[in-house]
Amino acid sequence: MSSVNDIIAQINSAATTTILVLGFTNFILGAIGLVFNLIIFTRPSLNREPCSVYFFWSTCFSLFVVYIIVPLRILSNNFNI
């Protein structure tokens, strides 16, 4: 019975580590991509296009998710904060 508990503990540890690494990867790549989106959608040639305005505001809300929600989720899931 002890070996089963050890296996379960190892699986939980592996899952926690995987979620931590994927969370940080999601945070870093998401932040970089969204900053590039902001740079592109704030160009003067695109300011007059309605779809560009829509994508700009979508990027702003996605930045909120990446900079606020993702770090909070990483902290709460992996560090029990």
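If you scan region 10-32, which residues turn out to be of a type outside the set (S, T, Y) and in contact with a helix residue (DSSP H, G or I) (Cβ under 9 Å, 6 or more places away or on another chain)? Passing the criteria: I19, L20, G23, F24, N26, F27, G30, A31.
Got at least one residue in region 39-56 being modelled with pLDDT of 90 or more and within 15 Å of the chain's Cα centre (by Cα)? Checking region 39-56: not a single residue is modelled with pLDDT of 90 or more and within 15 Å of the chain's Cα centre (by Cα).
Of the residues making up region 57-81, those that are modelled with pLDDT under 90, aliphatic (A, V, I, L, M) and in contact with a Gly (Cβ under 9 Å, 6 or more places away or on another chain) are V70, I74. Cβ separations smaller than 6 Å between residues 6+ apart or across chains give the following pairs from region 48-73 residues that are farther than 13 Å from G23 by Cα to residues that are of a type in the set (S, T, N, Q) and assigned to a helix (DSSP H, G or I): T59/N37.
The values are calculated or read from the model by the stated rules, or taken from the named source; none is laboratory data. Just so you know, these numbers come straight off a predicted model, no measurement behind them. Here Cβ is always computed from backbone atoms with ideal geometry, including for glycine, and neighbour counts include all displayed protein chains.
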